[in-house]
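This report concerns only the one structure given below.
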Amino acid sequence: RVFEDAGTPLPPPGTAPAGRRRLGSPGGGTLDRSVVERVNVALHVRRPLLVTGRPGTGKSSLAYRIAAELGLGPVLSWPIVSRTTLKDGLYDYDAIGRVQDTPPPVGGAAEDRVLPDLGRYLTLGPLGTALLPWARPRVLLVDELDKSDIDLPNDLLHVFEEGEFRIRELERHRQRSVVKVMTADHTDAVPVENGHVRCHEFPVVVITSNGEREFPPAFRRRCLEIRMPDPDEERLTAMVTAHFGGDRGRDARALIREFLDHSREHGGLATDQLLNTVHMLSNGAAKSDETSWARLRDALWHALGTESPT
């Protein structure tokens, strides 16, 4: 869906170095075919992706893979906590800072003071930045939505449906119809007309969940769901290479196979547990002998949901 009356399209943003850091070298690792198919469907029908799966299966990295594959620039990341509200994702207005920066009146009444430019104190959040009229869609990562307040998923529905929102402070600002505000990219300010932000191309929205809560049926109907499969040896090798660089992934293949065997025997492990082990071994902090290696493995590779052995 293209929003025709969104205003003058903004030029595409710059490159995305974070994607290379997360994904490793180009072509490193492959996605499951079913995941690729569902991503393509979501792109065509303009629906958010609700991505579930065990920790370390690449839920968050999927957003960076999409941005890298399609050349859509830096990913706009919105990490969710229990206190997060819809407005946090849309924009922030520093009213106190604006008042503090106001110069004192010179020979006149206090109400005659001229406040500093409003746009300097308005910063769009990740969701608000994604909804700007970019010439090409931005990728928005809404990370761990299941940690949110119970109302946030439903609050997002209207914004996803309409592709727009209003900045009330700018609507009340009558001195200028166009005000430049900062974005979540922290680069150049962008113009907002009459306090109305409306996307030109609907953003690519990737919402991750660790399955800690159920979402409302209406929200799930609006999204296209993907469950990320557990990474295989090839994908784990790519992850190790992405995090540690060089030939570390190939050097760690024996360790990766041992990790996969241990994971199957103990009901599943998180990728972070493997990466922590590679880090320890790379620094020479362990595996000087079989006994110390066994202790390290038991400490780092304990089953999820259980206490680590002492």
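The values are calculated or read from the model by the stated rules, or taken from the named source; none is laboratory data. As the structure is a prediction and not an experimental result, all values here were calculated from the model. When we count neighbours, we look across all protein chains shown, and the Cβ atoms used for this are built from the backbone with ideal geometry, even at glycine. Just so you know, the surface numbers come from the protein's heavy atoms only, side chains and all, with ligands and any DNA or RNA stripped out. Shrake-Rupley method; radii C 1.70, N 1.55, O 1.52, S 1.80 Å.
Quick one: count up the residues across segment 40-64 that are of a type outside the set (Ser, Thr, Tyr), in a helix (DSSP H, G or I) and within 19 Å of Asn210 (Cα to Cα).
Number satisfying all stated conditions: 3.
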Q.
Among (1) touching a His at 6+ places or on another chain (Cβ under 7 Å); (2) surrounded by 18 or more Cβ atoms within 10 Å (Cβ to Cβ); (3) among the basic types (Lys, Arg), there is one condition Arg235 misses while meeting the rest; what is its number?
A. (1)
Q: Might you let me know whether segment 199-212 holds any residue that is assigned by the TED database to the domain that holds Ser61 and without any contact (Cβ under 8 Å) to a residue 60 or more places away in the chain?
A: no
Q: Output the number of the condition that Ser25 fails; it satisfies all remaining conditions of (1) within 24 Å of Pro153 (Cβ to Cβ); (2) at pLDDT below 55.
A: (1)
Q) Can you tell me which of Gly195, Gly245 is open to solvent by 10 Å² or more (accessible area, probe 1.4 Å) and either on the phi > 0 side of the Ramachandran plot or in the same structural domain as His266 (by the TED database) (or both)? A) Gly245
Q) For segment 65-86, which residues satisfy the criterion of being open to solvent by 20 Å² or more (accessible area, probe 1.4 Å), in a helix (DSSP H, G or I) and at pLDDT below 95? A) Arg65, Ala68, Glu69, Leu70
Q: Of the conditions (1) touching a helix residue (DSSP H, G or I) at 6+ places or on another chain (Cβ under 7 Å); (2) in a loop (DSSP other than H, G, I, E, B); (3) hydrophobic (A, V, I, L, M, F, W, C), Leu132 clears all except one; give me its number.
A: (1)
Q.
Whether any residue in segment 111-122 is outside any loop (DSSP other than H, G, I, E, B), at pLDDT 90 or above and within 15 Å of Ala184 (Cβ to Cβ) is what I want to check.
A. yes
